[in-house]
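Coordinate-derived values only; no laboratory data. Since this is a predicted model, take the numbers as computed values, not measurements. Using ideal geometry, Cβ is built from the backbone for each residue, glycine included, and neighbour counts are taken over all protein chains shown.
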Amino acid sequence: FSQFDLVIVGAGFFGATIAERAAKTLGKKVLIIDRRDHIGGNAYSENDKETGIEVHRYGAHLFHTPNKLVWDYLANFTTFTSYQHRVFASHRNSVYSMPINLGTICQFFGRQFTPDEARALVASQAQELGGKEPDNLEEKAISLIGRPLYDAFIRGYTAKQWQTDPTALPASIITRLPVRYNFNNRYFSDAYEGLPTDGYTAIFDKMLEHRNIEVSLGIDYFAVKNAIPADKLVVFTGPIDRYFDYRAGELNWRTIDFEKEVLPVGDFQGTAVMNYSDEAVPYTRILEFRHFNPERQYPDDKTVIVREYSRFAGRDDEPYYPIDTSDDKKTYQAYKKLAEAETNVIFGGRLGTYRYLDMHQAIAAAIKTFETDITPRLSQS
Ligand code: FDA
């Protein structure tokens, strides 16, 4: 370790961005390790062996950002396709477009509405609680969009996501439920959107391809920690509670079980993401990966689908979404204090800061950390 100026734990977007910046703009020698056998963190993708279809191993990753700085930064490593994300939801054998928009409302209530009529309808249905303060997620959702739309599109999906009846979930989980009173059914409204032309992993290959960067895979930080000199600057993007041996308690996460299947049909569902909002269907959604890349030549007699099942994460599961209850917030604050005392370690990324970050947010956070925290320290050495 002594030959490196910087050791980075985790080769996801946060770690890779810092590695690239330190090597390229400061000419520093960087070691980046990951306990997995691949780079890319959760954005990693691979081509399915049987079909050649690019599959995102840790769930669908759609790139979108309002941030020109991040978009321009990534242009150093990839171009983007013109993919625009759209999501549909299956409910009682009908298919609706999501998020709830005027098209969804017209179809669901079985007639044409003007935007103002639809607004008035939803507003009147949202009056059901008569101004009573919502006690739980169900009441909160009804106060936002009314019971009929809630029952059809939110209730079952939320119950499956949380393995908990929405009447037993805190109202604070949702602050708003987007309803669009026009026919715009694009999922994202950011200025920049697309999928990397050569896939996600190719971005990381390019970012880390530098003579000053050494990548070591299959290495767990905790197995090598004692061999790292105490004064070495370390960027840690693993779970912050694990770093401190859970001494302030465990942070809670939800995870997803992915059930992948290759089917002998050219097209299974006609779109990339189909949500299943009814509770009777055990999975939350089905991804069909070929639809992310309609510009590619894929086999016309085979397709790859992945069913997603959501549940609470145990210590050995992949942590995906922070649950962030008020107890979790307190626990994280305790770790943040401990982290501040760890002068040669910088905690970052979604696991290191216990925050859900989209890819563009992880990259933006890494650029900022690099500029404000890492550059001044490495420039001294
Ligand atoms: P990331 O988790 O990618 O990397 C951390 C790395 O640290 C991992 O590779 C891990 O193995 C490694 N590590 C941890 N502990 C270690 C140890 N002890 N020793 C060595 N290595 C260790 N975003 C978006 O913009 N659009 C989208 O559509 C989606 N979709 C999506 C779906 C799902 C299911 C999830 C969970 C997340 C998304 N995201 C997303 C978010 C996206 O995955 C996220 O922004 C990035 O992964 C963040 O990058 P990080 O580098 O912070 O973490």
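Listing for the model above:
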quantity	calculated
HN-Hα J in Hz across segment 231-248 - Karplus 6.51, -1.76, 1.60, θ = phi - 60°, x for Gly and Pro	8, 6, 6, 10, 9, 10, 10, x, x, 5, 5, 5, 4, 9, 6, 6, 5, 9
Whole-angstrom gap from segment 181-218 to segment 300-319, using each part's C-alpha centre	20
Under the Karplus curve 6.51 cos²θ - 1.76 cosθ + 1.60, θ = phi - 60°, whole-Hz ³J(HN,Hα) for segment 303-318, x wherever Gly or Pro sits	8, 10, 10, 9, 8, 10, 10, 9, 7, 5, 8, x, 4, 8, 8, 5
Cβ-based charge dipole, the chain, positive-most Cα from Phe153, Pro376, Phe14	Pro376
For Asn47, residues with placed amide H under 5 Å, excluding near neighbours	Val55
Cα centre as origin, Lys/Arg/Asp/Glu Cβ charges: segment 233-381 dipole, Debye	560
Sequence-distant residues sharing a close amide H with Ile346 (under 5 Å, placed H)	Val234, Val235, Phe236
Relative contact order (%) - criterion: Cα under 8 Å, at least six apart; region: the chain	26
Cα centre as origin, Lys/Arg/Asp/Glu Cβ charges: the chain dipole, Debye	700
Per-residue HN-Hα couplings for segment 21-37 [Karplus 6.51, -1.76, 1.60; θ = phi - 60°; Hz; x = Gly/Pro]	4, 5, 6, 7, 8, 10, x, 8, 8, 10, 10, 10, 10, 9, 6, 7, 8
Student exercise, segment 73-152 dipole from Lys, Arg, Asp, Glu Cβ charges, in Debye to nearest 20	320
Under-5 Å amide H pairs with His64, H placed in peptide plane, nonlocal only	His360
Cα-based convex hull, the chain, per residue volume (Å³, whole number)	155
Extreme residue, positive dipole direction of the chain, given options Ser277, Tyr332, Ser310 (C-beta unit charges)	Tyr332
